[in-house]
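The block underneath contains the structure these notes are about, expressed in structure tokens.
Where a number appears in this text, it was derived from the coordinates with a stated rule and is not lab data. Source: prediction; values computed, not measured. Cβ coordinates were reconstructed from backbone atoms using ideal geometry, including for glycine residues, and neighbour counts include every protein chain displayed.
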Amino acid sequence: MTLQNQVEKTLSSPFRTKNQTVLGEWIDYNGHMNVAYYTLAFDKALDFFFEDVLNIGPSFVKKNKEGPFALKASYNYFSELLESESFFVDISILDFDSKRVHVFGEMRKDKSLELSAVFETVLMNMDLSARKVKQYPDRVLKLFELFKSSLDKDKIPLEIGNKITLKK
């Protein structure tokens, strides 16, 4: 296997991020993880993915004065997470253009692999000095393509891309 093939196999959708643990302060009055902390946990997973995989995270932002701004986000919850439970997020790139990327993630319990939640977000690259949208660097667009092209369309959660509505 060539080095390029090894890199492509490692960098594919979904990409499993580091395990996280539900902290005591994340627990609400119902005795499970509060919805605000699902958002935090997904955001931490995205930060890891952007920093350590795509190299457009906090270090890139500080150095280049550009970075991702969220335009939209949506969450769906399936099973509760309790204090001290370990979980991970699998992140996939669904689509992108030169300035935006559509990402989704699946949060799963570490031991049982039970799906706890899914999220999706659309982010745009922002020039922080001019406060205007800016094209992602070419190397990043190539990584986006690598992740998008490796995504198995049959494994996209049904909730991704749907509007919020009451089912009748």
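Our summary gives the chain a relative contact order of 26 percent, counting only alpha carbon pairs under 8 angstrom and 6 or more residues apart. With respect to the chain, whose longest principal axis is taken over its alpha-carbon atoms, helix 138-149 is tilted by about 50°. When you filter the trypsin sites (Lys or Arg not before Pro) in the stretch 60-95 for DSSP loop state and at most 13 other Cβ atoms inside 10 Å of their Cβ, you are left with Lys65. In the frame of its principal axes, the chain has Cα extents of 46, 44, 37 Å, reported largest first. Charged neighbours of Asp90, selected by a Cβ distance under 10 Å, balance to +2 (K, R count +1; D, E count -1). The angle between the Cα long axis of helix 35-48 and the main principal axis of the chain comes to about 30°, on a 0 to 90 degree scale. Placing pseudo-labels 7 Å out from each Cα toward the beta carbon at Thr39 and Ser12 gives an inter-label distance of 3.5 nm. Cα centroids of the stretch 44-65 and the stretch 145-167: 23 Å apart. Neighbour counts of C-beta atoms inside 10 Å place Asp43, Asp138, Asp95 in the sequence Asp138, Asp95, Asp43, starting with the fewest. Site pair Lys155 and Lys168 shows an inter-label distance of 3.7 nm when each label is modelled 7 Å from Cα along Cα→Cβ. This ranking places Arg108, Arg131, Arg100, Arg139 by how few other beta-carbon atoms lie within 10 Å of each, fewest first, which gives Arg131, Arg139, Arg100, Arg108.
When the listed pairs Lys18/Lys65; Lys18/Lys155; Lys62/Lys132; Lys111/Lys148; Lys72/Lys163; Lys111/Lys168 are checked against a 23 Å cut-off, the alpha-carbon distance exceeds it for Lys18/Lys65; Lys111/Lys148; Lys111/Lys168.
Tell me, Leu151, Leu54 in order of fewest to most beta-carbon neighbours within 10 Å?
Leu151, Leu54
Its DSSP H runs of at least 4 residues, each contributing -39,500 (n - 2.57), put the calculated 222 nm mean residue ellipticity of the chain at -7000 deg cm²/dmol, to the nearest 500.
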